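S.K.: Would you mind keeping the following structure in view while I ask a few things?
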Amino acid sequence: MTAAEMPTHQARLAARRLSVGYDSRKVLDGIAVEIPNNTFSVIVGPNACGKSTLVKALARVLRIQSGEVLLDGSPLSQYTPKEVARRLGMLPQAPHVPDGILVEDLVARGRYPHQGLFRQWSQEDADAVDTALRRARVEQLRDRLLTELSGGQRQRVWIAMALAQMTPLLLLDEPTTFLDISHQVEVLNLCRRLQREGTTVVAVLHDLNLAFRYADHVIVMRSGGIVAQGPPREVISAELIEKVFDLSCRIIEDPETGTPLVIPQNPDTAAKGS
Amino acid sequence: MTTAVRVAWLAAALSLTLLLCALSISIGSRSIAVLDVWGFLLRPEETAEAAVVTQLRVPRTLIAVVVGAALAVAGSLMQSLTRNPLADPGILGINAGASLAVVIAVAVTGIASIMFYMWFAFLGAAAAAVGVYLLGSGRRRTATPARLALAGVAITAALTALVQTIILTNQEAFNEFRFWTAGSLEGRGLEITGAAAPFVAAGLLLALLLAPALNALALGEQTGAALGVRVRRTRALTFLAVTLLCGAGTAAVGPIAFVGLGVPFLARAAVGPDQRWSVPLCLLLGPAMLLAADVAGRVVIAPQEVQAGIITALVGAPLFITIVRRRRIEAL
């Protein structure tokens, strides 16, 4: 099923004819995408295909050139920045770590969109921070300096910061990059858990096999456009991977989960065959 | 870091500032018994000693409080905005801009009145702030901390050279200016404090209101935007606040080094990188540092005086070196 066939009103987050670019170069060119509610959706694609740009445009961190992003049925431009941030959390690739900040204080900054001139820190904020720390399983780290933590712990703390926003939608831009395999799995398990608890999670991932294992819905991108979207078992094929990544491969079933597993072709055997 | 610890820091800083205010009123080149000093404050007398206290020491103390708070809070805003712990209004060219505007104003008009310079100092501070920001932003419109610092150093060097050139060619006319540029609190009457205070008050209010947005923006431009911060508006208002604070502070007493660098650094070390706490702490510690420098300047070579700006630079330079050497300078 393509995006055009799906009824738009069902998805809380969708984009129509979305174009985004820097100066004259278009990074996204008139794409349509829907994020199915209550799923863990994963965006994959080669470097510089516009994955990160899509996530930023969906979160209104980047200005869009044309088309629109619909959040709960209304264009993003009709919301104030804080209204968007109360419905949709986004974690960029390389957030900045203030020197000397404690985990708890960092997570508390996720409460910004809920605060205002006459509504400063409240019990509700404290509760939201506690809940976020618990959901991301970083409660025991709350009094630690962020700079003391391992990469995996840090990433979970950043996710806790976004969770403190208490948004039904959470977008993560490459949350597993620079993590070793066990920390990648840890972060992905967290995403899965959050989705089961009712959050719609979207993540940009590089590891295809992990992406297809965890994703309910996969969005495959190539040079600023969307090539395929749907459940991984239905949309992933060797032809698709070859077309998108320019990589000869076989697809087998993941022995653990039955999801598609990409096996790149051995160049030595390929050379003999040709 | 619990709230109790942070409140304790604020209370300690307040006590220190009040103590230094008392010292500033009690100590001077003319020795007056402490009990008499406080007597003059309560029951004004028509004596020379009473005049020293009420017309010299009290205004001097007040201006130290106003300017110290302004410079420290301005430094805190700059450091937070640029995510650079070494940023201060001096390094970012704002003081040099104010100085150049004042020199030009005096050179062209020959008017040596502090009320008159104030407006030029503002103009110069604002122009330098905008210039550094644009130069540091480049075509991509993202001002990286390193580029801002480089732009600030470059603009400061250029503006300072211009100031020196004008001063050297107009030595007679610039006695007043050269005194101003050393950063002295002496002989600044209440009317100067009165003129600077509204701008400083507006800047301080803005600084407090901007604290939550700057906290969110400290996590990076994109994280800030994702949290709902209006990035451009926050930046513009922060520059406005810095210009108000530095413009007024510098116009009133001349450029004072290191208050804007050292105080926010100490405040962050005490209460952590949280503008909601470090701005109020700067507001209390800034006056303390400037008062301490001013009182020390009156004592070290009494009956001569060393200007407060010279003392802060003398004490500040080693502090600066200590900061650079002892801490791995990570971004804010």
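The values are calculated or read from the model by the stated rules, or taken from the named source; none is laboratory data. What you see is a predicted model; the values in this text were computed from it and never measured. Glycine also receives a Cβ, built like all others from the backbone with ideal geometry; neighbour counts cover every protein chain displayed. For the accessible areas, the whole protein counts, side chains as well, though only heavy atoms, and no ligand, DNA or RNA atoms are used. Shrake-Rupley method; radii C 1.70, N 1.55, O 1.52, S 1.80 Å.
S.K.: Please work out which one of (1) more than 18 Å from the chain's Cα centre (by Cα); (2) part of a helix (DSSP H, G or I) is the condition A:Phe212 fails and give its number.
M.R.: Against the list (1) more than 18 Å from the chain's Cα centre (by Cα); (2) part of a helix (DSSP H, G or I), A:Phe212 comes up short only on (1).
S.K.: Residue check: is B:Phe258 open to solvent by 10 Å² or more (accessible area, probe 1.4 Å), at positive phi and of a type in the set (Phe, Trp, Tyr)?
M.R.: Spelling it out, B:Phe258 is indeed open to solvent by 10 Å² or more (accessible area, probe 1.4 Å), at positive phi and of a type in the set (Phe, Trp, Tyr).
S.K.: Conditions first: (1) part of a loop (DSSP other than H, G, I, E, B); (2) over 21 Å from A:Glu174 (Cα atoms); (3) among the small types (Gly, Ala, Ser). A:Ala94 passes all but one, so which condition is the exception?
M.R.: Just one mismatch for A:Ala94, condition (2).
S.K.: Filter the stretch B:87-125 down to residues that are aliphatic (A, V, I, L, M) and within 15 Å of the chain's Cα centre (by Cα), then give me how many there are.
M.R.: Pass one, the stretch B:87-125, residues aliphatic (A, V, I, L, M): B:87, B:91-92, B:94, B:96, B:98, B:100-108, B:111-112, B:114-115, B:118, B:121, B:123, B:125.
From the residues that got through so far, the ones that are within 15 Å of the chain's Cα centre (by Cα) too are B:87, B:91-92, B:94, B:96, B:98, B:118, B:121, B:125.
Matching residues across the stretch B:87-125 total 9.
S.K.: Which residue is modelled with the highest pLDDT, if the candidates are limited to the stretch B:160-219 and must be charged (D, E, K, R), within 29 Å of B:Val52 (Cα to Cα) and open to solvent by 60 Å² or more (accessible area, probe 1.4 Å)?
M.R.: Taking the stretch B:160-219 first, the residues charged (D, E, K, R) are B:172, B:176, B:178, B:186, B:188, B:191.
Keeping just the survivors that are within 29 Å of B:Val52 (Cα to Cα) gives B:176, B:178, B:186, B:188, B:191.
Still in the running and open to solvent by 60 Å² or more (accessible area, probe 1.4 Å): B:176, B:178, B:186, B:191.
Working: B:Glu176: 64, B:Arg178: 66, B:Glu186: 70, B:Glu191: 79.
Among those that are charged (D, E, K, R), within 29 Å of B:Val52 (Cα to Cα) and open to solvent by 60 Å² or more (accessible area, probe 1.4 Å), it is B:Glu191.
S.K.: (1) surrounded by fewer than 19 Cβ atoms within 10 Å (Cβ to Cβ); (2) part of a strand (DSSP E or B): which one isn't true of A:Ile219, the others all being true?
M.R.: (1)
S.K.: Separate question: Any residue at all in the stretch A:147-166 that is within 18 Å of A:Ile101 (Cβ to Cβ), among the acidic types (Asp, Glu) and part of a helix (DSSP H, G or I)?
M.R.: Checking the stretch A:147-166: at least one residue is within 18 Å of A:Ile101 (Cβ to Cβ), among the acidic types (Asp, Glu) and part of a helix (DSSP H, G or I).
S.K.: Same structure again: Can we say B:Gly28 is touching a Pro at 6+ places or on another chain (Cβ under 9 Å) and under 23 Å from B:Gly297 (Cα atoms)? Write out each step before concluding.
M.R.: Working: touching a Pro at 6+ places or on another chain (Cβ under 9 Å): no; under 23 Å from B:Gly297 (Cα atoms): yes.
No; evaluated as a whole, the condition is false for this residue.
S.K.: Something else now. What's the number of the only condition in (1) touching a helix residue (DSSP H, G or I) at 6+ places or on another chain (Cβ under 6 Å); (2) not in a loop (DSSP other than H, G, I, E, B) that A:Thr257 fails to meet?
M.R.: It fails just one condition, (2).
S.K.: Pairs under 6 Å by beta carbon, first residue of a type in the set (D, E, K, R) in the stretch B:147-162, partner open to solvent by less than 30 Å² (accessible area, probe 1.4 Å) and part of a helix (DSSP H, G or I), six or more apart or different chains?
M.R.: Short answer, once both residue conditions are applied: B:Arg147/B:Gly136.
S.K.: Still on this structure, I have one more. Can you find, within the stretch A:100-121, the residue that is nearest to A:Gly151 (Cα to Cα) among those that are more than 8 Å from chain B (Cβ to nearest Cβ) and aromatic (Phe, Trp, Tyr)?
M.R.: A:Trp121
S.K.: In this structure, is B:Gln307 touching a residue at least 40 places away in the same chain (Cβ under 8 Å) and more than 30 Å from A:Arg109 (Cβ to Cβ)? Spell out how you get there, then give the answer.
M.R.: Working: touching a residue at least 40 places away in the same chain (Cβ under 8 Å): yes; more than 30 Å from A:Arg109 (Cβ to Cβ): yes.
Answer is yes for this residue.
S.K.: Next up: Which residues, taken from the stretch A:237-254, are part of a helix (DSSP H, G or I) and of a type in the set (A, V, I, L, M, F, W, C)? Lay out the reasoning, then the answer.
M.R.: From the stretch A:237-254, those part of a helix (DSSP H, G or I) are A:238-245; that's our starting set.
Once the filter is applied, which keeps residues that are part of a helix (DSSP H, G or I) and of a type in the set (A, V, I, L, M, F, W, C), the stretch A:237-254 yields A:Ala238, A:Leu240, A:Ile241, A:Val244, A:Phe245.
S.K.: Can you tell me which residues in the stretch A:21-53 are within 14 Å of chain B (Cβ to nearest Cβ) and either open to solvent by 80 Å² or more (accessible area, probe 1.4 Å) or under 19 Å from A:Val202 (Cβ atoms) (or both)?
M.R.: Within the stretch A:21-53, A:Asp23, A:Ser24, A:Arg25, A:Ser52, A:Thr53 meet the criteria.
S.K.: Which condition from (1) crowded, with 19+ Cβ neighbours inside 10 Å; (2) outside any strand (DSSP E or B); (3) of a type outside the set (A, V, I, L, M, F, W, C) is the one that A:Glu234 breaks?
M.R.: Going through the list (1) crowded, with 19+ Cβ neighbours inside 10 Å; (2) outside any strand (DSSP E or B); (3) of a type outside the set (A, V, I, L, M, F, W, C), A:Glu234 breaks only (1).
S.K.: Another question, then. From the set of residues in the stretch A:134-165 that are of a type in the set (Gly, Ala, Ser) and touching a residue at least 40 places away in the same chain (Cβ under 8 Å), which is farthest from the other protein chains (Cβ to nearest Cβ)?
M.R.: A:Ala136
S.K.: Could you tell me whether the stretch A:208-216 includes any residue that is farther than 30 Å from A:Ala132 by Cα, among the aromatic types (Phe, Trp, Tyr) and touching a residue at least 12 places away in the same chain (Cβ under 8 Å)?
M.R.: So far as the stretch A:208-216 goes, no, none of its residues is farther than 30 Å from A:Ala132 by Cα, among the aromatic types (Phe, Trp, Tyr) and touching a residue at least 12 places away in the same chain (Cβ under 8 Å).
Matching residues to (1) in a loop (DSSP other than H, G, I, E, B); (2) within 14 Å of chain A (Cβ to nearest Cβ):
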{"residue": "B:Leu208", "(1), (2)": "no, yes"}
{"residue": "B:Val229", "(1), (2)": "yes, yes"}
{"residue": "B:Thr234", "(1), (2)": "no, yes"}
{"residue": "B:Thr238", "(1), (2)": "no, no"}
{"residue": "B:Gly247", "(1), (2)": "no, no"}
{"residue": "B:Trp277", "(1), (2)": "no, yes"}
{"residue": "B:Cys282", "(1), (2)": "no, no"}
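S.K.: Kindly indicate whether any position in the stretch A:62-80 is at the interface with chain B (Cβ under 7 Å from one of its Cβ atoms) and open to solvent by 10 Å² or more (accessible area, probe 1.4 Å).
M.R.: Among the residues of the stretch A:62-80, not one is at the interface with chain B (Cβ under 7 Å from one of its Cβ atoms) and open to solvent by 10 Å² or more (accessible area, probe 1.4 Å), which makes the answer no.
S.K.: Would you check which residues across the stretch B:220-255 are open to solvent by 10 Å² or more (accessible area, probe 1.4 Å), of a type in the set (S, T, N, Q) and closer than 18 Å to B:Leu283 by Cβ and list them?
M.R.: Correct list: B:Thr243 only.
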